[in-house]
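Below: one structure, written as C-alpha cells.
The values are calculated or read from the model by the stated rules, or taken from the named source; none is laboratory data. None of the values given here were measured: they were computed from a predicted structure. With ideal geometry, Cβ positions are generated from the backbone for all residues, glycine too; neighbour counts draw on all protein chains shown.
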Amino acid sequence: MKNNLANIKKAKMLLDSGYCIAIPTETVYGLAANAYSNTAVKKIYKLKKRPKNNPAIVHYSSLKQLKSDCDLNKNFYLLYKKLCPGPITFVLKLKKKSRISKFVNNKKNTLAVRFPKNNLSKKLLNLLDYPLAAPSANITKKISAVSADDVKDEFGKKIKFILDGGRSKIGLESTIINLIKTPQILRLGGTEISKINKILKTKLKFRKNKKKMISPGQSKVHYSPGIPIRLNAKSIKLNEAFIAIKKRKFSDKNFYYLSKNKNLKEAAKNLYKTMRIIKNKNYKSIAIEKIPNKGFGLAINDRLIRASKK
Ligand code: TXA
Ligand code: MG
C-alpha cells in the first residue's frame, strides 16, 4: 500500500483492531503489532515462526510514552539527543507498571526500544496511542526485507497489509546497545560504534559473549539465503554467483557488486537486496569477496559470517 494518508489511516485501523502488518523503517522492514496487546503480539511470532524466547524491539515516536514503560538514564539521554530518531536500539530496564505485553520480551525485566527515522513509520506511530512491537519482517533466520516486495517474497499471501515506504535507506538492522549497567554493544548495525563512543566518551567494542546469549536473536545461523556462501572468495565455481565489493568494467551475468566504488555504507545498503536477488535465481552457491573489516564493513562481515553458517 503506497505512502498516502489514507493508507496510514488504514494501517492504524488494522493495528487498533489487533492485526499485525508490515511497516517500513530506515533500517529494514518490520512486522508490527500493538506492543500492549497479548493477542496482537502473538500474531507476529506465529507469522515469523519466531521462538517465543527471542524478544522483539518496541518502536516509539514519543519520549513521554517510553517513560511510561522504561527507566531512562544519563547514557540513554546522551545518545537519544544525538542519534534519535535513527538506526540505534537501546536495551533498558522495564518498569513494573509498564503495559508492555509479556510476549514481547519473554517476561524479562528489560526491553529493547528504538525510534525509527523513516517518515511513514513516524507518521503512523504519532497517530497511535501505543508503541509497536516489530521484529524484522522476515521468516526467522532468513534474509531481512528492505522493500515492500521483499516482505511479499518472505510471507506471500500470509501478510495482509504492507505499508510501502520504498527502499530502506540503511538496509541493515539497527545497532543494539545495552544501557542497563556499563554500556555494551549487543549487535552491530546501522550506527557505527565510533559515533557512540564519541558521544559517551568511551571505547566500546563489539565482543561476542559466547557463554551467555544476552541477545537470543544473535544465534549463529541467521540472515540465510538458503544456499551455501563462501567467504573471502578469490575465484568462482560452476553455477555460483559472485558478489564483489566494487563494480568492475567487464562482468558476466553471475557477477554482482555491492557498491560502485568500495563504499562500505553503500555496500551495507545493498547486501540483503543482492542476496535476495541471487536467492531467487537458480544458483547453487554464493561466493563473496573479502570485505574490509572496518566501519560498516564490521556489520557486513558479522551478517555474512552468520549467513554462511549451516
Ligand atoms: O533495525 C531493526 O532493529 C529492525 C527494525 C524493524 O526496527 N528490527 C529488528 O528486530 O532487527 P529483530 O527482532 O529482527 O532483532 C531484534 C534483536 C534480536 O536479536 C533480539 O534478541 C534482541 O534484538 N533483543 C530484543 N529485546 C532484547 C532485550 N530485552 N535484551 C537483549 N536483546 C534483545
Ligand atoms: Mg531479524
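Assorted remarks:
- Condition check for N232 on (1) assigned to a strand (DSSP E or B); (2) on the phi > 0 side of the Ramachandran plot; (3) not basic (K, R): one failure, at (1).
- Summed over region 76-112, the residues that are within 16 Å of ligand 2 (Cβ to nearest atom) and either surrounded by 19 or more Cβ atoms within 10 Å (Cβ to Cβ) or not assigned by TED's automatic domain parsing to the domain that holds A40 (or both) give a count of 7.
- Qualifying residue in region 34-44 (condition: assigned to a loop (DSSP other than H, G, I, E, B), assigned by TED's automatic domain parsing to the domain that holds K102, within 12 Å of ligand 1 (Cβ to nearest atom) and within 20 Å of K157 (Cβ to Cβ)): no
- Entry remark, region 43-61: residues being in contact with a helix residue (DSSP H, G or I) (Cβ under 7 Å, 6 or more places away or on another chain) and of a type outside the set (G, A, S) number 4 in total.
- If you go through region 102-150 and pick out every residue that is within 24 Å of K82 (Cα to Cα), more than 10 Å from ligand 1 (Cβ to nearest atom) and among the charged types (D, E, K, R), you end up with 3.
- Among the residues making up region 58-74, those that are without any contact (Cβ under 8 Å) to a residue 24 or more places away in the chain and over 22 Å from the mean Cα position of the chain (by Cα) are K64, K67, L72, K74.
- Pairing residues of region 111-131 that are within 11 Å of L66 (Cα to Cα) with residues that are more than 16 Å from ligand 2 (Cβ to nearest atom) and aliphatic (A, V, I, L, M), at Cβ distances under 7 Å and at least 6 apart in sequence or on separate chains, gives L111/L92; L111/L94; L111/I100; V113/L66; V113/L92; Y130/A35; P131/A35.
- Test: residue in region 75-83 that is within 20 Å of the chain's Cα centre (by Cα) and modelled with pLDDT under 95: no
- Each residue in region 55-94 was checked for being assigned to a strand (DSSP E or B) and either away from ligand 1 (no atom under 16 Å from the Cβ) or among the β-branched types (V, I, T) (or both), and 5 pass.
- Residue check for I193: farther than 28 Å from Y36 by Cα, in the same structural domain as N38 (by TED's automatic domain parsing) and either surrounded by 16 or more Cβ atoms within 10 Å (Cβ to Cβ) or at pLDDT 95 or above (or both): yes
Conditions tested, residue by residue: (1) at pLDDT 95 or above; (2) closer than 25 Å to D153 by Cβ.
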| position | (1), (2) |
| --- | --- |
| N197 | yes, no |
| S215 | no, no |
| K234 | no, no |
| N239 | no, yes |
| K260 | yes, no |
| K265 | yes, yes |
| I277 | yes, yes |
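- The residues on offer are A11, A33, A40, A22, and the sole one that is within 17 Å of A112 (Cβ to Cβ), surrounded by 17 or more Cβ atoms within 10 Å (Cβ to Cβ) and in contact with a helix residue (DSSP H, G or I) (Cβ under 9 Å, 6 or more places away or on another chain) is A33.
- Any hit, region 187-203, residues being in contact with a strand residue (DSSP E or B) (Cβ under 9 Å, 6 or more places away or on another chain) and farther than 24 Å from K294 by Cα: no
- Pairs are defined by a Cβ separation below 7 Å, a sequence spacing of at least 6 or placement on different chains, a first member in region 283-310 that is within 22 Å of K205 (Cβ to Cβ), and a second member that is acidic (D, E) and crowded, with 17+ Cβ neighbours inside 10 Å; the pairs so defined are G295/E192; F296/E192.
- The number of residues in region 274-302 being of a type in the set (K, R) and surrounded by 20 or more Cβ atoms within 10 Å (Cβ to Cβ) comes to 1.
- Test: residue in region 9-17 that is among the aliphatic types (A, V, I, L, M) and either outside the structural domain of E192 (by TED's automatic domain parsing) or in a loop (DSSP other than H, G, I, E, B) (or both): no
- Those helices (runs of 4 or more DSSP H) of region 95-201 in which 1 or more residues are under 25 Å from S259 (Cα atoms) occupy 148-155, 193-200.
- Among the residues listed as A134, A145, the single one being within 18 Å of M13 (Cβ to Cβ), within 11 Å of ligand 2 (Cβ to nearest atom) and not assigned by TED's automatic domain parsing to the domain that holds K279: A134
- Of the residues making up region 165-190, just one is at pLDDT below 95 and touching a helix residue (DSSP H, G or I) at 6+ places or on another chain (Cβ under 7 Å), namely G165.
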